[in-house]
Amino acid sequence: ISSHVLWRTLMVPCLQFHDLQAVRTNTEQVTSLSHPHPQCLAATTAFATAIHDLLTHDDIDPEAITKRCHEAACKQLEPDDSKGEPLESLWAGHLIELDLDDHDDPGNLFKALGCAFFGLRASSSQDFKSVLCEIVMEGGDADANAAMGGAMLGCRLGYSQLPKDWINSVLHSSFVDE
């Protein structure tokens, strides 16, 4: 299953972020437009729940967020989906566990999702640039993996912790500052 569904729903949790039920409903509706598969719904639910938690809670434990997201996502899975086994990527402690450069499985939804949650946990000990470079250097579907890892990491750290040299090199970066 492709990671494209995560890209398509990346910003959805920011809409009505203060209301978890609205975040989940909006995410489910957008996901269902192109990827109504239960595993896609589970992955986007996990990501959206994490973004909601990061935007609405001060100093919440990454492991607590991951547990809450895992529980919410499992409710989207079918009974034959191995009881949430596809969601084990949420718990990856090291990128090597995600096997990102597996040539037989590029663009895997759960690898990109695993990168998002890796970014969440790594935010406690590493800076944005280090984590993102580590994700990209693992190979595989590096743009999807970095987008998801960067989104979660950036949300956790906040704008002030993003690398200034990267922000300044973005075309029209002054618009972001306004």
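No value in this document is a laboratory result; all are computed from the given coordinates. In this text the structure is predicted, and so the values were computed from the model without any measurement. Note that each Cβ is placed from the backbone with ideal geometry, even for glycine, and that neighbours are counted across all protein chains shown.
Of all the options 154, 93, 107, the one that moves most in a Gaussian network model of the chain with Cα springs shorter than 10 angstrom is 93.
Expected output is a single nm value to one decimal: the length gained when fully extending between residue 88 and residue 37, i.e. 0.36 nm times separation in residues minus the C-alpha distance. What is it?
The span from residue 88 to residue 37 would gain 16.6 nm if fully extended.
Across the chain, the relative contact order, built from alpha-carbon pairs under 8 Å that are at least six residues apart, equals 21 percent.
Lysine pair count for the chain with Cα-Cα distance under 30 Å and sequence separation of 8 or more or different chains is 10.
As a length-normalised measure over Cα pairs under 8 Å and 6 or more apart, the relative contact order of the stretch 83-178 settles at 28 percent. Available extension along the chain between residue 102 and residue 166 is 20.2 nm, counting 0.36 nm per residue and deducting the alpha carbon span.
Place the peptides 48-55, 14-21, 162-169 in order of packing, highest mean first, counting for every residue the other Cβ atoms within 10 Å and averaging per peptide. Before the final figure, lay out each step's value.
On the way: 48-55: 23.6, 14-21: 13.4, 162-169: 11.4.
Order by mean packing, descending: 48-55, 14-21, 162-169.
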